[in-house]
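Please read the structure below before turning to the comments.
The values are calculated or read from the model by the stated rules, or taken from the named source; none is laboratory data. Every value quoted in this text rests on a predicted model; they were computed, and no experiment measured them. Here the Cβ positions follow ideal geometry from the backbone for every residue, glycine too, while neighbour counts run over all protein chains shown.
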Amino acid sequence: MLDIKLETKRLILRKPKNSDWKDLLEGVGEYDVAKMLLRVPYPYKKEDAKKFVNKVIKEWKQKEPANILFFIELKSEKKVIGAIGIHKIDKFSGVGTTGSWINKKYWRNGYMTEAKIAVNDFAFNKLGLIRLTSKVFKENKASNATQSKMGYKLEGLMRKVARSLASGRLHDEYVYGLLKEDWKKVKPKFKSFL
Ligand SMILES: CC(C)(COP(=O)(O)OP(=O)(O)OC[C@H]1O[C@@H](n2cnc3c(N)ncnc32)[C@H](O)[C@@H]1OP(=O)(O)O)[C@@H](O)C(=O)NCCC(=O)NCCS
């Protein structure tokens, strides 16, 4: 069973608890969040949130999970304000894919930047990965900007490749990659977060 907890100045990245469903419902139940994600139904219901929390709790019980999804707790409010995951973990190749969201009420406070710093360090220094991939809908300004800010390199555009369940819309997606050596170079820029 995995028991990893990452701590930053303002956040705790941890496995979910059953009671987190309410915060999940508030965060992902917002259309502006759901429409940028792949498989979130809209409207998002209490049952959807509870089912999802259970699924993630089960994943955390696996010995070698292919997905590690951290719930992001804001220390000052003891509230889950987002999630960030490393998915499709392939230890043999040393790669994984990231995905994330933050509750709309908390956008633009640097929380995703702070969470990504912790997750990049964890992926490269603890999990032993050498590359993280991130796929972002072409029109998602905030997320595309976040990837560039974190040192991800734009590697291509996949056309009409992903449909959002919430909006029903088919999207083009940008593909980004962050190598361990890219992260080493970029990390000092985030001194104020450490
Ligand atoms: C993308 C998302 C996670 C960013 O979270 P956040 O906590 O607001 O991000 P941060 O405050 O750390 O900002 C990181 C950078 O993103 C960019 N950014 C964030 N919001 C932006 C916006 N609305 N417009 C343009 N750029 C934006 C900025 O460059 C920012 O850095 P800066 O403040 O130093 O300029 C959040 O907007 C979100 O949850 N969106 C909906 C779900 C989603 O898109 N998930 C990602 C799917 S790929």
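Flag not set for Lys189, criterion: among the basic types (Lys, Arg), more than 20 Å from Val28 (Cα to Cα) and touching a helix residue (DSSP H, G or I) at 6+ places or on another chain (Cβ under 8 Å). With respect to the conditions (1) within 14 Å of the chain's Cα centre (by Cα); (2) touching a residue at least 40 places away in the same chain (Cβ under 8 Å); (3) away from the ligand (no atom under 13 Å from the Cβ), Leu179 lacks only one, and its number is (1).
Have a look at Asp48, Asp20 and point out the one that is touching a residue at least 40 places away in the same chain (Cβ under 8 Å) and crowded, with 17+ Cβ neighbours inside 10 Å. Result of the check over Asp48, Asp20: Asp20.
Tallying residues that are away from the ligand (no atom under 15 Å from the Cβ) and surrounded by 19 or more Cβ atoms within 10 Å (Cβ to Cβ) within the stretch 26-45 yields 0. In the set Gly82, Gly96, only one residue is more than 9 Å from the ligand (Cβ to nearest atom), under 15 Å from Leu69 (Cα atoms), assigned to a strand (DSSP E or B) and modelled with pLDDT of 95 or more; that residue is Gly96.
From the list Asn120, Asn140, Asn109, the one residue that fits, being over 20 Å from Leu6 (Cβ atoms) and either touching an Asp or Glu at 6+ places or on another chain (Cβ under 9 Å) or within 14 Å of the ligand (Cβ to nearest atom) (or both), is Asn140. If you go through the stretch 51-70 and pick out every residue that is touching a helix residue (DSSP H, G or I) at 6+ places or on another chain (Cβ under 6 Å), outside any helix (DSSP H, G or I) and in contact (Cβ under 8 Å) with a residue 24 or more places away in the chain, you end up with 2. Pairs linking a residue in the stretch 33-44 that is more than 10 Å from Ser167 (Cα to Cα) to a residue that is within 12 Å of the ligand (Cβ to nearest atom), with Cβ atoms under 7 Å and 6 or more positions apart or on different chains, are Val33/Gly27; Val33/Trp101; Val33/Lys104; Tyr44/Val28; Tyr44/Ala34. In the stretch 139-151, the residues that are under 15 Å from Asn103 (Cα atoms) form Cβ pairs under 7 Å with partners that are near the ligand (Cβ under 6 Å from one of its atoms) and at pLDDT 95 or above, at six or more places apart or across chains, as follows: Ser143/Met36; Ser143/Val136. Is it fair to say Leu165 is over 25 Å from Lys104 (Cα atoms) and at pLDDT 95 or above? No; evaluated as a whole, the condition is false for this residue. For the stretch 172-194, the set of residues classified as acidic (Asp, Glu), more than 21 Å from Lys141 (Cα to Cα) and surrounded by fewer than 16 Cβ atoms within 10 Å (Cβ to Cβ) consists of Glu181 only. Checked against the criterion of being within 16 Å of the ligand (Cβ to nearest atom) and within 24 Å of Lys22 (Cα to Cα), the candidates Glu155, Glu59, Glu77 yield just one match: Glu77.
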